[in-house]
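Data first, discussion second: the structure below is written as structure tokens.
The values are calculated or read from the model by the stated rules, or taken from the named source; none is laboratory data. Note that this is a predicted model, so its numbers are computed, not measured. For neighbour counting, all protein chains shown are included, and Cβ atoms are generated from backbone atoms with ideal geometry for every residue, glycine included.
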Ligand SMILES: Cc1cc2nc3c(=O)[nH]c(=O)nc-3n(C[C@H](O)[C@H](O)[C@H](O)COP(=O)(O)OP(=O)(O)OC[C@H]3O[C@@H](n4cnc5c(N)ncnc54)[C@H](O)[C@@H]3O)c2cc1C
């Protein structure tokens, strides 16, 4: 990697300019540089002054393989964190999803013949591993401002992308009436590698296991009506821990807060186009949250964003020798390959949110009956599990 300040514009020519150095942008940079393309990666991974992200991501087997292939999976290679620290990756061997009555759905990795259903990854550890991989990849130049021209510009700037706006690409946004509260909690009892989720009282509470298979900590993702979330960031730490403990029926015993609480607005959004021509020449493609965002109830946003860049890299790698990287036919292949999957995941998360956000005893009875019904229906349950694991069919 080289990092260059460049007042007055960068003179070097790049094959691909990636705008946005988040997880999606950095992964794409690594994939393309591995293919011997000259890549400019524009922007800082985290906004200046932002504290560490308290979240942990559920990443599926496909995302794990992709990150492994670019040497950015936090478990592999020499640990960047202190050796006595907790593991950065926790395999999920079972999932328990509870409705607001006695409806419940249970998945297990053994039932699916898999090593794990998903992996819970500490976000700061993943960011550190990616930054390290980018640093040692000679084909990537990190810049603060975009160079004037490239055959292809890929926008990975997340939901509020300025470049997408400057390019005049519309982004349809439907905000949810909820925000997510995220924090780390220490529990009296070990989590046993189980990811737990409750759909109750119109709220969605997830406790994701952290610190390895024997760990006692969990990452909280709690989707609650927006007007209540600010109260949780300023509340006494024990008040939040106690509220979570009460909501989950003390499933993991007594809880204490291990981090500050952070909140995120939630939305279902989609760019109207994912590809286009750049006014300065060359092609443009969008990927990750810059192209689409969804409710985190199924832990799929980043999985889907990583699948975008895997597909884009595959299409560029397989291009006919005479095609430019920004060729619209090429970019259309990428758009076509990804849009249907992303739309389906958006509808699924939106449908689940709508179903569990409706109040009323009849709807409640119906959805709890549905949860238990799916639990008994082997093939449907297997299909749902494979979707969540990123292995369609
Ligand atoms: C509470 C919560 C929990 C979640 N849990 C999961 C989960 O378990 N599993 C999962 O798969 N997904 C999850 N997600 C979704 C996941 O966070 C996003 O899908 C993912 O972060 C998108 O990555 P990205 O790189 O596309 O965008 P971002 O993470 O938003 O990164 C964009 C990058 O672009 C930079 N940038 C922005 N504007 C500019 C600019 N003008 N110039 C240069 N750089 C710029 C930013 O600084 C940042 O580095 C969750 C989301 C939330 C809110």
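Tabulated results
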| item | result |
| --- | --- |
| Search result, residues across the range 67-88 that are closer than 24 Å to residue 309 by Cα, modelled with pLDDT of 90 or more and surrounded by fewer than 21 Cβ atoms within 10 Å (Cβ to Cβ) | 68, 69, 71 |
| The range 11-33 - residue that is out of contact with any strand residue (DSSP E or B) (no Cβ under 6 Å at 6 or more places or on another chain) and over 22 Å from residue 302 (Cβ atoms) and, of those, modelled with the highest pLDDT | 13 |
| Where residue 227 falls short, out of the listed (1) closer than 23 Å to residue 300 by Cα; (2) free of Cβ contacts under 8 Å to residues at least 12 places away in the same chain | (1) |
| Matching residues, the range 239-253, being under 15 Å from residue 199 (Cα atoms), assigned to a loop (DSSP other than H, G, I, E, B) and either in contact with a strand residue (DSSP E or B) (Cβ under 7 Å, 6 or more places away or on another chain) or touching a residue at least 60 places away in the same chain (Cβ under 8 Å) (or both) | 248, 251 |
| Wholly within the range 187-238, strands (runs of 3 or more DSSP E) carrying at least 3 residues that are within 21 Å of residue 124 (Cα to Cα) and within 16 Å of the ligand (Cβ to nearest atom) | 203-210, 217-225 |
| Lone qualifier among 282, 318, 288 - being within 15 Å of the ligand (Cβ to nearest atom) and either under 24 Å from residue 156 (Cβ atoms) or more than 23 Å from the chain's Cα centre (by Cα) (or both) | 288 |
| Any chance residue 130 is crowded, with 19+ Cβ neighbours inside 10 Å and in a strand (DSSP E or B) | no |
| The one condition in (1) closer than 28 Å to residue 17 by Cα; (2) away from the ligand (no atom under 14 Å from the Cβ); (3) over 21 Å from the mean Cα position of the chain (by Cα) that residue 77 fails to fulfil | (1) |
| Yes/no for residue 286 being buried (at least 17 other Cβ atoms within 10 Å of the Cβ), more than 30 Å from residue 187 (Cα to Cα) and in contact with a helix residue (DSSP H, G or I) (Cβ under 9 Å, 6 or more places away or on another chain) | yes |
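Residues checked against (1) away from the ligand (no atom under 14 Å from the Cβ); (2) modelled with pLDDT of 95 or more; (3) within 23 Å of residue 284 (Cβ to Cβ):
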{"site": "6", "(1), (2), (3)": "yes, no, yes"}
{"site": "35", "(1), (2), (3)": "yes, yes, yes"}
{"site": "45", "(1), (2), (3)": "no, no, yes"}
{"site": "65", "(1), (2), (3)": "yes, yes, no"}
